[in-house]
């Protein structure tokens, strides 16, 4: 359990936007990579970082879509498929060849609640995309992070980490029935544990890491596998199919949803801190007790916090070791 896992009273709120939290911060001379930076909160993150002066690189699986959505933002677009280890290596090699330092890496790309599928290696795709691909990317980009002499790696997790710890003995659901929400929760818990262990390993070299819950945001493409009935049951749309917006319940606009990523990536309030899980532009408290977890966002939004299993240093170290083994397979 992390003793530092408690709010720092940042002064920002759930309703703060990405532009609010970066106000007054100059990123000229800084280099940032934003995975998933051509849609949803990733796109807004890329836009705001670029407007603050950073050079922004957006890796994309769909280069044409990226060129369209990033039009006018002046970001570099590079090919990357997080489910393809060779593609990850090739992207990292191209970046390292540019000899640039990497000051900010925002791992924002992700998938959610898809039917059971395995990647070419036989790994469950939510875990492979949301965690393992980013794990490989960070490992490959390590020299550029070191070169920055002060870097932050941001893992966009979710309050959905409450659906499941990482089941280290059965990542790929070989010995249990597949549940798409358990798989999503496992991958989001992995994001938090990854940031915890990454920060421990990188802090002596000036590499700090944070994970976060952005809120529940429609219009990002993340809910592509959910039906209208499921979204209604979750309390995120009304009967006409329109998004319900209420930042106090975590139902955010894209601008609000990107804010915690940007705050974690740039805020001087987090200098000398790391390995922490954040939400609503502040460090999140630990969950004081287990609560019933369901998909009703409004019902669960009262229970802010991170599950203790997601900030367990021993689990974080075990996940790191397992991830290395999975990459070598």
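Laboratory data are not the source of any read-out in this text; all were calculated from the coordinates shown. What you see is a predicted model, and the numbers here were worked out from it, not measured in a lab. Positions of Cβ are backbone-derived with ideal geometry, glycine not excepted, and every protein chain shown enters the neighbour counts.
Points to keep in mind about this one:
- Whether the chain is rounded, prolate or oblate, judged on the alpha carbon gyration tensor where a/c under 1.5 counts as rounded: rounded
- GNM remark for the chain: springs join alpha carbons under 10 Å apart, and the peak mean-square fluctuation among 117, 17, 125 falls on 117.
- Cα gyration tensor shape of the range 1-129, rounded if a/c is under 1.5, else prolate or oblate by comparing a/b with b/c: oblate
- Rg/Rg_globular for the range 63-167, with Rg_globular taken as 2.2 N^0.38 Å and Rg from C-alpha atoms: 1.17
- Comparing 310, 109, 247 in a Gaussian network model of the chain where C-alpha atoms under 10 Å apart are linked, the largest mean-square fluctuation is found at 247.
- With a simple spin-label model that places each label point 7 Å from the Cα along the Cα-to-Cβ direction, the separation between residue 168 and residue 51 comes to 4.3 nm.
- Over the chain: helical MRE at 222 nm, DSSP H runs n ≥ 4 each giving -39500 (n - 2.57), nearest 500: -10500 deg cm²/dmol
- Full-stretch length increase - residue 100, residue 179 - with 0.36 nm per residue and alpha-carbon distance subtracted: 24.3 nm
- Theoretical FRET efficiency, 1/(1+(r/R0)^6), r = Cβ-Cβ of residue 71 and residue 26, R0 25 Å, to 0.05: 0.50
- Zone residues, the range 1-32, relative to residue 272, backbone N less than 20 Å from point 7 Å out along Cα-to-Cβ: 2-11
- Counting only DSSP beta bridges whose two residues both lie in the chain, roughly 15 percent are antiparallel.
- Relative contact order computed over the range 13-58 (Cα-Cα under 8 Å; 6+ residues apart), in percent: 44 percent
- Distance (nanometres) between label positions extended 7 Å along Cα→Cβ at residue 239 and residue 203: 5.3 nm
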